[in-house]
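One structure is given below, encoded as structure tokens.
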Amino acid sequence: EAGVVQSPRYKIIEKKQPVAFWCNPISGHNTLYWYRQNLGQGPELLIRYENEEAVDDSQLPKDRFSAERLKGVDSTLKIQPAELGDSAVYLCASSFEAGGGYNEQFFGPGTRLTVL
Amino acid sequence: AQSVTQLDSQVPVFEEAPVELRCNYSSSVSVYLFWYVQYPNQGLQLLLKYLSGSTLVKGINGFEAEFNKSQTSFHLRKPSVHISDTAEYFCAVRNAGNNRKLIWGLGTSLAVNP
């Protein structure tokens, strides 16, 4: 079974340029997460989708970040324009959630963004 | 609000030695607790989790952790480490209810030396 797929793995851009990251979750997973991980820190949740609905985007900097998951499967995270402080690893994770309780989040390898 | 403190940012250890990575949390409600491992240039992989029941949980790669409610700790241990255990280890906590948001520690870098 394929895991969470992310592309690109690495991206280098100049500040003020736009950038987009793509994530394809594990087949059948209805919940998708985007995290940002700064160097030397733990992941920080940016947005969580349940199917195509963004149910938690409280930490997403909406002035420059946007995300979509139009058909409830794959997702794109965009930054426009990028700033130097956006340099980080952007992680995507997915899980299958049905009601309460716990279900494991599976992580992709991440996209390492460098803004020059 | 919940928080997680990983007490050591770096832990150097020799191969075949035991290791303990420390994690303390704070929460006013029941929690689930997790340890994840991140190998260089890879995503996060679940090592083990505590949801309920036995306070000693065993995970992959020979790791185990003990939930101590009175001390609000969830320390990770391995009796004998290998070079391949060199990685970043993250402790995380979430509400035991429907709020699925994970709160993460800053990570502990484990360096296993020959």
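Sorted by mean Cβ packing within 10 Å, highest first, what order do the peptides A:21-34, B:45-58 take?
In descending order of packing, they fall as A:21-34, B:45-58.
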- [ ] Express the relative contact order of chain B as a whole percentage, based on alpha carbon pairs under 8 Å and six or more residues apart in sequence.
- [x] 37 percent
TODO: Taking the dipole about the Cα centre of chain A, with the C-beta of Lys and Arg at +1 and of Asp and Glu at -1, give me whichever of A:Gly85, A:Ser95, A:Trp34 is farthest to the positive side.
DONE: A:Gly85
Open item on the list: Once you place label points 7 Å from the Cα toward the Cβ at A:Gln41 and A:Ile12, how far apart are they in nm?
Closed with: 2.4 nm
Open item on the list: List the lysines whose Cα sits under 21 Å from the Cα of B:Lys101, skipping any in the same chain fewer than 8 residues away.
Closed with: A:Lys62, B:Lys49, B:Lys69
- [ ] Calculate one ³J(HN,Hα) per residue across the range B:101-108 by plugging θ = phi - 60° into the Karplus curve 6.51 cos²θ - 1.76 cosθ + 1.60, and present them in order as whole Hz with x for glycine and proline.
- [x] 5, 8, 9, 10, x, 7, x, 10
- [ ] Evaluate the charge dipole of the protein assembly as shown about its Cα centre and quote only its size in Debye, nearest 20, assuming +1 on the Cβ of each Lys and Arg and -1 on the Cβ of each Asp and Glu.
- [x] 260 debye
Task: Long-range HN-HN contacts of B:Ala96 with modeled amide H, under 5 Å - done: B:Ser30, B:Val31, B:Tyr32
- [ ] Please give the per residue volume of the convex hull enclosing the alpha carbon atoms of the protein assembly as shown, rounded to a whole number of Å³.
- [x] 128 Å³
TODO: Pick out which of A:Ile47, A:Ile12, A:Ile79 has the largest mean-square fluctuation in a Gaussian network model of chain A, springs linking Cα atoms closer than 10 Å.
DONE: A:Ile12
Open item on the list: Students often forget the sequence filter, so: which lysines lie under 17 Å Cα-Cα from A:Lys15 once same-chain residues fewer than 8 apart are removed?
Closed with: A:Lys78
Open item on the list: If you average the C-alpha positions of the range A:42-116 and of the range B:1-62 separately, how far apart do those two centres end up, in angstrom?
Closed with: 23 Å
- [ ] With the Cα gyration tensor of the range B:39-114 in hand, give its eigenvalues times 5 under a square root as the equivalent ellipsoid semi-axes, listed largest first in whole angstrom.
- [x] 23, 16, 11
Task: Long-range amide H partners of A:Asn51 with built H, under 5 Å - done: A:Thr31, A:Leu32
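Read-outs: derived from the displayed coordinates by stated rules, not from any lab. This structure is a prediction, so every number in the text was calculated from the model and none was measured. Glycine gets a Cβ as well: all are built from the backbone with ideal geometry, and neighbour counts include every protein chain shown.
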